[in-house]
Every structure is written in C-alpha cells, then in structure tokens.
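Here the structure is laid out as structure tokens; the discussion comes afterwards.
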Amino acid sequence: MSTATSVPGKSHGNVNDVLTIDSAIVDAIVAHARRDHPDEACGVVAGPIGSDLPTRLIPMDNAARSMTFYEFDSMEQLRVWREMDDNDEEPVVIYHSHTATEAYPSRTDISFAGEPGAHYVLVSTREPDSEEIRSFRIVDGVVTEEEINIADATVDA
Amino acid sequence: MAIEVRVPTILRSYTGGAKIVEGAGETLSALIDDLDAKHNGFKGRLITPEGGLHKFVNIYVNDEDVRFLGALEAKLSDGDSVTILPAVAGGALGFAAAAAILGR
C-alpha cells in the first residue's frame with residue numbers, strides 16, 4: 001500500500017485516486033457484462049454533480065454489437081445526457097467490458113475517452129467464473145489506474 | 001440569428017469554462033467558423049484536417065444527430081439549439097479498425 005499524502009484539491013475537481021462505488025452497482029455492471037458476453041457491454045453510472053459518487057446505473061445499448069468494439073447510440077446518448085442535466089447529475093462512471101482480453105484501456109479506449117471527469121471502469125469477462133474489474137482516469141491520453149473501494153452497506157454502515 | 005450551443009466539459013477550455021455559448025450561421029459549418037472566431041481552436045476539435053466531422057464528437061441540432069441532417073451542411077435557423085457531446089466508444093479492437101467501423 002502506498003502511503004502518499006493526499007493533496008487537498010479544488011473542491012469541484014475529481015482529485016481522488018479512488019473510485020467509491022456501491023456493491024449493488026458493481027454487481028449490476030458485472031451482470032450486464034455477463035448478459036451481453038461475448039459482445040462488449042457498456043453504460044454509465046450517473047451521480048450528483050460534484051459528488052464523485054455514482055448512484056444511478058444506466059445500461060446503454062452497444063450500437064456496434066461487437067465482440068471487440070462498443071459505441072453508444074448517439075440518440076440514446078442525447079436522451080440520457082439531457083436526463084442527467086435535468087437531474088443535476090453527471091456521468092461519474094463510464095463502463096464497458098472486454099470479453100477476451102484484460103480489463104485495461106485499449107488504444108481505442110484512450111483515443112475516445114472524452115469525459116475527463118469520469119471514472120472509466122473496465123470489466124473483463126474472459127474467464128467464465130471470475131471477473132476482473134479495474135478503474136482508470138483517462139485525461140488527455142494519459143491513463144491512471146485507481147483503486148476501487150466497493151462500499152457494502154451491510155458491512156460499512 | 002442567435003443559436004445556443006451546449007459545450008461538453010472537454011471543450012470548455014476553449015470557452016473560458018462556459019457550458020453554453022451563442023453563435024451564428026445558416027449552416028453548421030458557418031456556425032463552427034463563427035464559434036472558432038470567438039473561441040480560437042474550437043473548430044479543430046470538431047472538424048478533421050480533411051474537412052469532415054470528427055469521430056470523437058456527436059453534434060445535434062435540436063433533437064437530431066447532424067449526421068442525419070447533412071452533417072456540416074445542416075441548415076440552422078434562429079433559435080435552434082446545438083448540442084455537442086463526446087462520442088462514447090472504445091473496445092478491445094485496434095484503433096485503425098475501430099475508426100474504419102465508425103467510418104463516419
């Protein structure tokens with residue numbers, strides 16, 4: 001474990017090097033990835049603006065329906081992004097699955113990453129009975145892995 | 001001729017942080033030129049050096065994707081609302097192949 005001192009950051013920025021996410025949401029993301037396997041699955045978890053807390057899972061269609069590529073349907077995306085706007089939410093997590101490779105951003109993922117404030121969560125479903133789940137920041141083409149803190153209400157609260 | 005343009009987070013460095021800016025133009029192409037004059041560099045994030053729309057953004061006029069409206073030639077009217085969103089895409093596939101699939 002690193003003992004790096006955290007630097008107080010601007011309150012509006014996402015300066016944490018950890019994604020805190022409810023176990024029920026993680027389970028639902030994994031279930032979505034399993035359901036769509038061997039195609040890649042994708043979606044968003046919205047949360048209140050500035051909270052850095054993902055609270056509302058929105059599974060999206062993979063318009064590409066591909067085992068190696070995903071793409072949000074542009075009209076579905078407009079509807080969902082407007083809905084978030086109306087709710088004072090933002091995309092806290094953008095997730096997708098890799099179905100035959102590791103849960104690490106590909107060059108394609110990095111090139112398209114257009115939400116600098118989001119946590120990019122990748123799930124690998126290449127193993128039939130276990131999932132690899134990892135989270136990254138992708139800003140200006142630079143990938144930074146971060147810890148995932150799975151908050152389980154039955155244990156933590 | 002005022003058109004409201006909603007700017008995604010990733011492009012707000014060009015608009016001084018503004019989420020909504022105003023522009024003018026009778027086509028999307030003219031609007032983007034107008035925005036670029038006010039927000040230097042904006043155009044390069046929306047249009048490729050070859051002159052097509054970038055794969056990395058989705059642009060909508062009111063409720064329609066401009067790809068269905070003639071892309072850069074899409075006609076605009078006073079009071080229209082233009083929304084720009086980052087395209088969300090990726091996957092294990094190599095970038096060149098992915099770009100070819102999108103082939104927009």
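The values are calculated or read from the model by the stated rules, or taken from the named source; none is laboratory data. If you're wondering where the values come from, they're calculated on a predicted model, not measured in any experiment. Reconstructed Cβ throughout: ideal geometry from the backbone, glycine too, with neighbour counts over all protein chains shown.
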Problem - Count - residues of the stretch A:48-82 that are more than 9 Å from chain B (Cβ to nearest Cβ) and under 18 Å from A:S135 (Cα atoms) - result: 9
Exercise for the section: Go through the residues of the stretch A:140-156 one by one and say whether even a single one is under 18 Å from A:D39 (Cβ atoms), surrounded by fewer than 20 Cβ atoms within 10 Å (Cβ to Cβ) and in contact (Cβ under 8 Å) with a residue 24 or more places away in the chain. Expected result: no
Practice task
Can you work out which of the residues in the stretch B:65-95 that are among the charged types (D, E, K, R) and in contact (Cβ under 8 Å) with a residue 12 or more places away in the chain is surrounded by the most Cβ atoms within 10 Å (Cβ to Cβ)?
Solution key: B:D80
Practice task
Restrict the check to the stretch A:61-76 and report whether at least one residue is under 21 Å from B:I59 (Cα atoms) and of a type in the set (V, I, T).
Solution key: no
Exercise for the section: Pull up the stretch A:27-43, narrow it to residues that are crowded, with 24+ Cβ neighbours inside 10 Å and among the aliphatic types (A, V, I, L, M), then point me to the one that is nearest to the chain's Cα centre (by Cα). Expected result: A:I29
Exercise for the section: Considering every residue within the stretch A:102-109, establish whether at least one is more than 9 Å from every other protein chain (Cβ to nearest Cβ), buried (at least 18 other Cβ atoms within 10 Å of the Cβ), in contact with a helix residue (DSSP H, G or I) (Cβ under 6 Å, 6 or more places away or on another chain) and assigned to a loop (DSSP other than H, G, I, E, B). Expected result: no
Practice task
Considering only residues that are in a helix (DSSP H, G or I) and of a type in the set (D, E), look in the stretch A:64-83 and name the one that is nearest to A:H32 (Cα to Cα).
Solution key: A:E76
Problem - Criterion: at pLDDT 95 or above, touching a Lys or Arg at 6+ places or on another chain (Cβ under 7 Å) and hydrophobic (A, V, I, L, M, F, W, C) - qualifying residue of B:A37, B:A18, B:A24 - result: B:A18
Fill in the blank from the handout: Across the stretch B:57-79, the tally of residues that are more than 12 Å from the chain's Cα centre (by Cα), more than 8 Å from chain A (Cβ to nearest Cβ) and part of a loop (DSSP other than H, G, I, E, B) stands at 7
Completion exercise
Scanning the stretch B:1-56 residue by residue, the ones that are within 14 Å of another protein chain (Cβ to nearest Cβ) and of a type in the set (V, I, T) total 5
Exercise for the section: Might you check whether a residue that is more than 9 Å from chain A (Cβ to nearest Cβ) and part of a helix (DSSP H, G or I) occurs anywhere in the stretch B:80-92? Expected result: no
